[in-house]
Amino acid sequence: MNLIERAKNILASPKPEWLVIETESATPQSLLIGYVLPMAIIASIGKILTGLVWAGVFATYFVWAAIFGFISIIISFYISIYVIDMLAPTFASQKNLNKSAQLVAYSNTPNWIAGLLSFIPVIGWLLVVAGWIYSIYLFYIGLGPLKKTPEDKKVVYMIVAFIVMVAVLFIISAILMAIFGGMIGYGISNGSYNRFGM
């Protein structure tokens, strides 16, 4: 199944799509190359478009933000799947790294699509919030088919996993900003904020 079809199905009809995903074989590496990387690029484009919409003011910042966002998605994908898989036995769930990778990759679809649309004035941030909420819902309904989580354990597992994924993403983003933040400041202070961020 190609990326567009998978994204469309997981967004429009998630319950039957999780059942299809459960029958598929995948690894963290195959999901990274075939799904997460393209989605990370899509989400990062939204930040660049935001810079362009704002008439190029401080466009360099948005280019760097897109790079940071891209790297953060990749790193947090790997960390999240390992943490979620380690947590599985605590919630009477199946410990299976490949299924954890599928769960993390596909449940983040609305979040990444919303990232692309975040450049839209006024409603962009609402779409980002909606994307996060729908991602949480997708994760919740995916726990049963993929991790074999009992019904009475789903909510707590989802909450803990979500907190972990958000914390990981913010920590990685903070580290990247601390490492490369000087480059952004240098570019802006030297007038490197034209429309194309050059």
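Observations on the structure shown:
- The slack in the chain from LYS148 to LYS95, taken as 0.36 nm per residue of separation less the alpha-carbon distance, amounts to 18.1 nm.
- When each of LEU87, LEU103 is scored by the number of other beta-carbon atoms lying within 10 Å, the sequence from fewest to most is LEU87, LEU103.
- Low-density loop positions, GluC sites (Glu not before Pro), the range 1-105 - DSSP coil, at most 15 other Cβ in 10 Å: GLU24
- Here the contact order of the chain, divided by its residue count and restricted to Cα pairs under 8 Å and six or more residues apart, works out to 31 percent.
- Folded to 0 to 90 degrees: helix 37-53 orientation relative to the chain principal axis, Cα: 30 degrees
- Mean-position separation - Cα centroids, the range 97-115 and the range 119-183, in angstrom: 9 Å
- In plain terms, the chain from TRP125 to LEU11 could stretch by 39.1 nm, reckoned as 0.36 nm per residue minus the Cα-Cα distance.
- Axis angle, to the nearest 10 degrees, between helix 154-189 and the longest C-alpha principal axis of the chain: 20 degrees.
- Long-range amide H partners of ALA92 with built H, under 5 Å: none
- Cα-based Rg and Dmax for the range 1-41, where Dmax is the largest Cα-Cα distance (Å): 10.3, 27
- Compared with the rule-of-thumb size 2.2 N^0.38 Å for a compact globular protein, the range 52-167 has a Cα radius of gyration ratio of 1.20.
- ³J(HN,Hα), Karplus 6.51/-1.76/1.60, whole Hz, each residue of the range 135-147, x for Gly, Pro: 4, 4, 4, 4, 4, 4, 6, x, 4, x, x, 8, 10
- Looking at the chain, the pairs of alpha carbons with a distance over 24 Å make up 42% of the total.
- Using a cut-off of 30 Å between Cα atoms, the listed pairs LYS47/LYS95; LYS8/LYS95; LYS47/LYS147; LYS8/LYS147; LYS47/LYS153 include LYS47/LYS95; LYS47/LYS147; LYS47/LYS153 as exceeding that distance.
- Note, ³J(HN,Hα) from phi for the range 22-27, Karplus 6.51, -1.76, 1.60, rounded to Hz, x at Gly and Pro: 4, 7, 8, 9, 7, 10
- A simple rule links phi to the HN-Hα coupling: the Karplus curve 6.51 cos²θ - 1.76 cosθ + 1.60 with θ = phi - 60°, which for the range 82-87 gives 5, 5, 4, 5, 5, 6 Hz, with x for Gly and Pro.
- When the Gaussian network model of the chain links Cα atoms closer than 10 Å, the mean-square fluctuations of SER100, SER80, SER13 top out at SER13.
- Computed lengthening from SER30 to VAL156, 0.36 nm per intervening residue step minus Cα-Cα distance: 42.5 nm
Rule-based calculations on the coordinates, nothing more; no lab input. From a predicted model like this one, the values you see are computed outputs, not experimental measurements. Don't worry about glycine lacking a Cβ; one is built from the backbone with ideal geometry, like all the others, and counts go over all protein chains shown.
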